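Visitor: Provided herewith is a single structure, encoded as structure tokens, for subsequent inquiry.
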Amino acid sequence: MDTENAKTVVVYGSRYGSTKRYAEHIAAALGCAAVPAEEVRRGQLGGYKTVVFGGGAYAGSICGWKKIARHCRAALRRAKGGGANGQRWVLFVCGLADPSKEKTWREARMLFDKRLPAEAAGTLPVFCLRGDLDYAVLGAKHRLMMRMLVAWLRRKKDPSAEDKQLLASYGDAVRFFDAASAAPVIAAARGGDDGA
Ligand SMILES: Cc1cc2nc3c(=O)[nH]c(=O)nc-3n(C[C@H](O)[C@H](O)[C@H](O)COP(=O)(O)O)c2cc1C
């Protein structure tokens, strides 16, 4: 990988690899490194001009964000204190939810914002990308969570098109990964599009 761009870093939280694939694709386009969230140490992100963070969506949380949000809050504090900052943060979530639905973006924004100071809510660019889900590789806890979700969806009176899609694919592999869909994240990291 070309890691010439030492001013930018892509950090990711991924359980089964979809977010990692997006992170590596974005990092390759930006010419920087992609680092798993669990390897990021205290103070390690402070020197970058741009930090892209992406995490997999897991039932109301974003993989890796709890940890990386601390670094983001520190950057926001530095900016407030007038310190040498101007650090750009670009956030994306990788999930099964359909990015063409406004609800998907609203929920992603809410999950990111809930770990940021109130005054920063809605200010950072957020993007929604679609990942894969392969039931064959899920761990026991995630398999159980999906079984419970499916049992609940089967009882639902008025399931949405997305609910029906999830029910139809239950037990199989769903493949939504699309590297080209990450183009707006790359543009935002370069200083263009501002996402949701
Ligand atoms: C237990 C479980 C919960 C999930 N919850 C959500 C969710 O709330 N929203 C969503 O869009 N996708 C959800 N997904 C789908 C994952 O976000 C999707 O498979 C994604 O590609 C995972 O990224 P990763 O492979 O990088 O971990 C869930 C998957 C599992 C197994």
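Visitor: Scan the range 154-178 and report the pairs whose first residue is without any contact (Cβ under 8 Å) to a residue 60 or more places away in the chain and whose second residue is part of a loop (DSSP other than H, G, I, E, B) and not β-branched (Val, Ile, Thr), with Cβ atoms within less than 6 Å and a gap of 6+ or a chain change.
Guide: Qualifying pairs under 6 Å: ARG175/ASP132.
Visitor: Next question, about the same structure. Any chance you could count how many residues in the range 39-62 are of a type in the set (Asp, Glu) and either in a loop (DSSP other than H, G, I, E, B) or touching a strand residue (DSSP E or B) at 6+ places or on another chain (Cβ under 6 Å) (or both)?
Guide: 0
Visitor: Pick from the range 22-38 the residues that are in a helix (DSSP H, G or I) and closer than 23 Å to ALA140 by Cα: which of them is farthest from the ligand (Cβ to nearest atom)?
Guide: GLU38
Yes/no matrix, rows are residues, columns are (1) among the acidic types (Asp, Glu); (2) touching a Ser or Thr at 6+ places or on another chain (Cβ under 6 Å); (3) within 21 Å of GLY64 (Cβ to Cβ):
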residue	(1), (2), (3)
SER100	no, no, no
ALA121	no, no, yes
VAL126	no, no, yes
ASP134	yes, no, yes
MET146	no, no, yes
TRP152	no, no, no
LYS164	no, no, no
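Visitor: Out of (1) at pLDDT below 95; (2) within 16 Å of the ligand (Cβ to nearest atom), what's the single condition that is false for ALA75?
Guide: Among (1) at pLDDT below 95; (2) within 16 Å of the ligand (Cβ to nearest atom), the lone unmet condition for ALA75 is (2).
Visitor: Step by step: first the residues of the range 18-48, then only those that are surrounded by 15 or more Cβ atoms within 10 Å (Cβ to Cβ) and among the basic types (Lys, Arg), then the one that is nearest to ALA183 (Cα to Cα). Which residue is that?
Guide: If we take residues in the range 18-48 being surrounded by 15 or more Cβ atoms within 10 Å (Cβ to Cβ) and among the basic types (Lys, Arg), then ARG21 is nearest to ALA183 (Cα to Cα).
Residue-by-condition table, conditions (1) in a strand (DSSP E or B); (2) of a type in the set (Gly, Ala, Ser):
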| residue | (1), (2) |
| --- | --- |
| ARG78 | no, no |
| GLY86 | no, yes |
| TRP89 | yes, no |
| VAL93 | yes, no |
| PRO99 | no, no |
| LEU111 | no, no |
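Visitor: Scan the range 122-149 for residues that are more than 9 Å from the ligand (Cβ to nearest atom) and basic (Lys, Arg) and jot them down.
Guide: Answer for the range 122-149, where residues must be more than 9 Å from the ligand (Cβ to nearest atom) and basic (Lys, Arg): just ARG147.
Visitor: If you don't mind, there's one more thing I want to ask. Could you tell me whether any residue of the range 167-177 is among the aromatic types (Phe, Trp, Tyr), near the ligand (Cβ under 9 Å from one of its atoms), within 30 Å of TYR48 (Cα to Cα) and in a loop (DSSP other than H, G, I, E, B)?
Guide: The answer is yes; a qualifying residue exists.
Visitor: Let me ask something else about it. Give the residues of the range 113-131 that are assigned to a helix (DSSP H, G or I) and surrounded by fewer than 14 Cβ atoms within 10 Å (Cβ to Cβ), sorted by residue number.
Guide: ALA118, GLU119
Visitor: Follow-up. Give the residues of the range 39-55 that are in contact (Cβ under 8 Å) with a residue 60 or more places away in the chain and away from the ligand (no atom under 12 Å from the Cβ), sorted by residue number.
Guide: Within the range 39-55, THR50, VAL52 meet the criteria.
Visitor: Same structure again: Looking at TYR58 and the list (1) surrounded by fewer than 22 Cβ atoms within 10 Å (Cβ to Cβ); (2) more than 10 Å from the ligand (Cβ to nearest atom), which single condition is not satisfied?
Guide: Among (1) surrounded by fewer than 22 Cβ atoms within 10 Å (Cβ to Cβ); (2) more than 10 Å from the ligand (Cβ to nearest atom), the lone unmet condition for TYR58 is (2).
Visitor: Residues in the range 132-148: is at least one of a type in the set (Phe, Trp, Tyr), touching a residue at least 60 places away in the same chain (Cβ under 8 Å) and either surrounded by 13 or more Cβ atoms within 10 Å (Cβ to Cβ) or in contact with a helix residue (DSSP H, G or I) (Cβ under 9 Å, 6 or more places away or on another chain) (or both)?
Guide: no
Visitor: A follow-up question, please. Output the number of residues of the range 151-166 satisfying the condition of being more than 11 Å from the ligand (Cβ to nearest atom) and either in the same structural domain as LEU76 (by TED's automatic domain parsing) or not in a loop (DSSP other than H, G, I, E, B) (or both).
Guide: 9
The values are calculated or read from the model by the stated rules, or taken from the named source; none is laboratory data. Just so it is clear, the model here is predicted, and its values are computed rather than measured. Note that each Cβ is placed from the backbone with ideal geometry, even for glycine, and that neighbours are counted across all protein chains shown.
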